[in-house]
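Enquirer: The structure under discussion is supplied below as structure tokens; questions concerning it will follow.
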Amino acid sequence: MTNKLPEKLSALRKSFSFAQMDVASKIGVPVSEYMKWENGNSVCGIEILRRIAQLYDVNVQDLFLNTRELKMPDVEFPYASVEIPFVEQTSGEEENKSYYENSDSDEYDSYDDEPTVEQTKQFETEEDLAKTKLLTTDTLQATSVMKIQEDTDNKMNQNTNKKTAPTKKDPKKIGIIAGIVVVLVVLIVFACTKLFKQTNELSLTINNEKRLVSAETYSAYITNKGKLITSGDAPSVSDFDSLAAITADGNTLVGLKKNGTVISSGSLPTEVGKWKNITDIAMSNTHYVGVKEDGSVACAGDESSCKVEDWSDISKVYAGENYTIGINKNGRILVSGDLEISDTLEGLSGVKNITLGEKEVAVLFTSGKVNTYSLDGGTGTNTGVWSNITAVAVGNDFVAGITDKEAVVIASTKDELSKEAAKWAGVKYIAANGDTLIAVNSSDQIIGAGDNTHHQYNNLEETTPTPSASSGSTLPPLSSVQNIKCNVSATGLSLNWDSVVNVSYYEVSVNTSPNEIKIKSAGNSASIGADKLTDGQTYKITIVAYPKDTEKYSKSEAASIDYVYSSPVKKLATPANIKYTQNGKTFTFTWDAVENATSYTFTIGTWETETTSTSMDVDGSNMANGANETAYISAKSSDAKYSESDAANIKFTYNAPVTPLVTPTITSKNVNIDSGDLSITWTKDEHASNYTIAIGTMSFTSDSGTLVVKADQLNSNTDYRIVITANPADTNSYSSSSYEENYKYEYTKQSQPTATPAPTQSAGTEG
């Protein structure tokens, strides 16, 4: 028969949310021994079974008898905490020691068979002895320790004046108190375990900067309850709940849940699926990146984009194609990967957040100002006049922002989009993709402007096409669209038509063979960008009206017109043959004249000017030596028939000119009359690090402006060529200079005079 004890032990432990280590500690045995019992590799004795039964408040026979079903205890204890008198308990070490010293390890080797009659009697006897120690839930509910203590005090008061011998303590009461202590300890441990788990579980708030996204075919928004609503052709997001942030690339939607885990509408990389405690998330078609709770960054995908292991104190991350941008808690930007403007961005401070577009990046500062930077290093959209901005969105050829008054400002050449967005009020969140701008208003409604081909905004519900009258439907069709008009502007083609009664929306189809543009419009107008139209081409424009009440009406018959598009504005040719020369600190740029152009816009970095000439002089004094720069030139015309050309560009490098050092001049050449040593001195330049002196074939180095050459290194009556070269300390700013002259070294060693002996005086004689 199979031993069911391991199964029962495991079920009891999991119901209390205990780890194996917790149980081992509570019953006073090593965790390794307990693991053997739960894994079925060994069997414990009756004393241990009694401890386990007391811990979980179950019957001991229900544990060891295979024929007895184990009744699982209710871990949600109904009783309140009570005041427990102090009871000394044996430490875990003492219990453990006692267990191994007193128990017979071979007492019960197996429970494969039912216990013998003798074993059953032994268990029953031991269980009876333990009844005074075992406290069940029913007993705890019926017995109050406070009452026990009160009764004990009363008896002691009654016997105060009695002269009787001291009585022994009631073992039953001690057993009850001890049992209560054990149960309460279990309760406390259980509660602490739950509390610990709760306090350590990440609980994020909704990220207002990343709660609305505009993708290629849909929009998505996180409600205040963390739920996701979408509009358009969105992927399946049935499991997207309890969200803190969302991000999208293409048709893939990725969400960050409030518990710090990551989910996706597609398949996540295995590594990303295992991320925990993430506080911010971003993704692109090349990689995923997330901010950890400790401010470090996790990244998976493109290797260059994921060189973020040294980043710290990061609060926000953004992902572009082959690059990652992070903002630390001090409002500084960090960049990893292939991004041409990384140096520019990393030099910024006081940054609140950034918004990435396909062509440019917008930086929102804590001051409420917005700067935009072209991703290729050119000039971004002009947002310099904006102030008090709270959020930014970047699309194709437009940048939009929300003011602190919940109004929308737009810097764009897209007139229709700008006019529509200017009408909005109470805007809370904003996002953009391509030619589409979407927002969420104070009613949590997704509104929008621009391209709505996939029904990305206006909360229009997809209508199932109803059978037309011609196919046998009894439902009358809506009236066909009438009076279609086309108006050409610099931005493209705008369409208008008479409104149809009972309409939900209009579907506009524009045949631009081989492709077809489809637009869903809630009103009686639509627009097509000039970039999607070809001058002189004929387009077939078809409009169908769809009903609000599909049970009363079917869609209208299609109304069509043929229209020949003629662009009123011709784009000037791009300037060609750009050249430059550098003379000192000045660059001179030249280019060929553009037909019909009356001026040219010249731009380097944030500096921009306009000229009527085909040349431009630029002062490089403020450029860093060796810096790589790009100059952009576009042609403009004062004639409204022509629009500004695309910008041509040329890359160049500023090489700071160098200044020659002051040429050294020999001020003296002296030969020591005694030693014959040659001493040479010359003028110095403060920017020189040292001097190289060549005398004939000999070479010397000096930084003092003086050189002494020993006589034994020179030949008398010999002509020498002396060359002194000044070497610069800063080779980027100064170059070397040299002086040379011919010199004849002459020296004759002087003979030392011979000493004359002193005269010897002879002794005189007396005469």
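Enquirer: Would you mind classifying the stretch 366-428 by shape? Square roots of the alpha carbon gyration tensor eigenvalues, ordered a ≥ b ≥ c; an a/c under 1.5 is rounded, otherwise it is prolate if a/b is larger than b/c and oblate if not.
Expert: Working: a/c = 2.41, a/b = 1.26, b/c = 1.92.
Oblate shape, in that a/c is at least 1.5 and b/c is the bigger or equal ratio.
Enquirer: What GluC sites (Glu not before Pro) in the stretch 475-563 are in a loop by DSSP, with at most 10 other Cβ atoms within 10 Å of the Cβ? Don't skip to the end; give the middle numbers.
Expert: Numbers: sites: Glu507, Glu516, Glu551, Glu557; in loops: Glu551, Glu557.
Those that pass, being in a loop and sparsely packed, are Glu551.
Enquirer: Also: By the gyration tensor of its Cα atoms, with a ≥ b ≥ c the square roots of the eigenvalues, what is the shape of the stretch 1-51: rounded for a/c under 1.5, prolate for a/b over b/c, or oblate? Display every interim value, and only then the final one.
Expert: On the way: a/c = 1.57, a/b = 1.19, b/c = 1.31.
Oblate, since a/c reaches 1.5 and b/c is not below a/b.
Enquirer: Mind ranking 493-501, 255-263 by how tightly packed they are, going by the mean number of other C-beta atoms within 10 angstrom, highest first?
Expert: 255-263, 493-501
Enquirer: Which whole-number percent gives the relative contact order of the stretch 571-653, counting Cα pairs below 8 Å spaced six or more residues apart?
Expert: 36
Enquirer: Report the net charge of residues surrounding Glu38, where surrounding means a beta-carbon distance below 11 angstrom and charges are Lys +1, Arg +1, Asp -1, Glu -1.
Expert: Around Glu38, the charge tally is +2.
Enquirer: Apply the a/c threshold of 1.5 to the C-alpha gyration tensor of the stretch 351-459 and tell me whether it is rounded, prolate or oblate. Kindly include the intermediate steps, with their values, before the conclusion.
Expert: Working: a/c = 1.84, a/b = 1.26, b/c = 1.46.
Oblate, because a/c is 1.5 or more while a/b does not exceed b/c.
Enquirer: In addition: How much length would be gained if the chain were fully extended between Ala490 and Lys548, taking 0.36 nm per residue of separation minus their Cα-Cα distance, in nm to one decimal?
Expert: Between Ala490 and Lys548, full extension yields an extra 17.4 nm.
Enquirer: Using a cut-off of 14 Å between beta-carbons, work out the net charge of the residues near Thr588 (Lys and Arg +1, Asp and Glu -1, Thr588 not included).
Expert: Local charge sum for Thr588: 0.
Enquirer: Give me the extension gain from Asn66 to Asn717: residue separation times 0.36 nm, minus the current Cα-Cα distance, reported in nm with one decimal. It would help to have the intermediate numbers written out before the result.
Expert: Details: separation 651, 0.36 × 651 = 234.36 nm, distance 12.26 nm.
Residue separation times 0.36 nm, minus the Cα-Cα distance, leaves 222.1 nm.
Enquirer: Next question, about the same structure. Please compare each pair in Lys329/Lys585; Lys414/Lys548; Lys405/Lys641; Lys414/Lys585; Lys257/Lys352; Lys329/Lys520 to a cut-off of 32 Å on the Cα-Cα distance and tell me which ones are over it.
Expert: Among Lys329/Lys585; Lys414/Lys548; Lys405/Lys641; Lys414/Lys585; Lys257/Lys352; Lys329/Lys520, the Cα-Cα distance tops 32 Å for Lys329/Lys585; Lys405/Lys641; Lys414/Lys585; Lys329/Lys520.
Enquirer: So if we plug the beta-carbon distance of Ser560 and Glu216 into 1/(1 + (r/R0)^6) with R0 = 25 Å, what FRET efficiency do we get, rounded to 0.05? Each step should come with its number before you reach the end.
Expert: Numbers: r = 28 Å, r/R0 = 1.11.
That pair, Ser560 with Glu216, gives E of 0.35.
Enquirer: Which GluC sites (Glu not before Pro) in the stretch 201-253 pass both tests, a DSSP loop state and at most 14 other beta-carbon atoms within 10 Å?
Expert: Details: sites: Glu201, Glu209, Glu216; in loops: Glu201, Glu216.
In loop regions of the stretch 201-253 (DSSP not H, G, I, E or B), the sparsely surrounded GluC sites (Glu not before Pro) are Glu201.
Enquirer: Could you state, as a whole-number percent, how many of the C-alpha pairs of the stretch 472-566 are farther apart than 19 Å?
Expert: Percentage above 19 Å: 40.
Enquirer: For the pair Val662 and Asp376, how long in nm is the line joining their label points, each one 7 Å along Cα→Cβ?
Expert: 5.1
Enquirer: Give me the net charge of Asn322's neighbourhood, meaning all other residues with Cβ under 12 Å from the Cβ of Asn322; Lys, Arg count +1, Asp, Glu -1.
Expert: -4
Enquirer: If each of Phe365 and Lys532 carries a label point 7 Å out from its Cα toward its Cβ, how far apart are those two points in nm?
Expert: 3.7
Enquirer: So if we plug the beta-carbon distance of Glu686 and Lys570 into 1/(1 + (r/R0)^6) with R0 = 56 Å, what FRET efficiency do we get, rounded to 0.05?
Expert: 0.35
Enquirer: Work out the FRET efficiency for Ser704 and Lys749 from their Cβ-Cβ distance, taking R0 = 35 Å, and round it to the nearest 0.05.
Expert: 0.80
Enquirer: With a point put 7 Å past each Cα toward its Cβ, work out how far Lys669 is from Asn583 in nm, to one decimal.
Expert: 4.2
Enquirer: For Thr731 and Thr252 in one chain, what is 0.36 nm times their gap in residues minus the Cα-Cα distance, to one decimal in nm?
Expert: Contour length minus Cα-Cα distance gives 167.0 nm.
Each value in this text was obtained by applying a stated rule to the coordinates, not by laboratory testing. Only a predicted model underlies this, so the values are computations on that prediction, with no experimental measurement involved. As a convention, Cβ positions derive from the backbone with ideal geometry for all residues, glycine included, and neighbour counts pool all protein chains shown.
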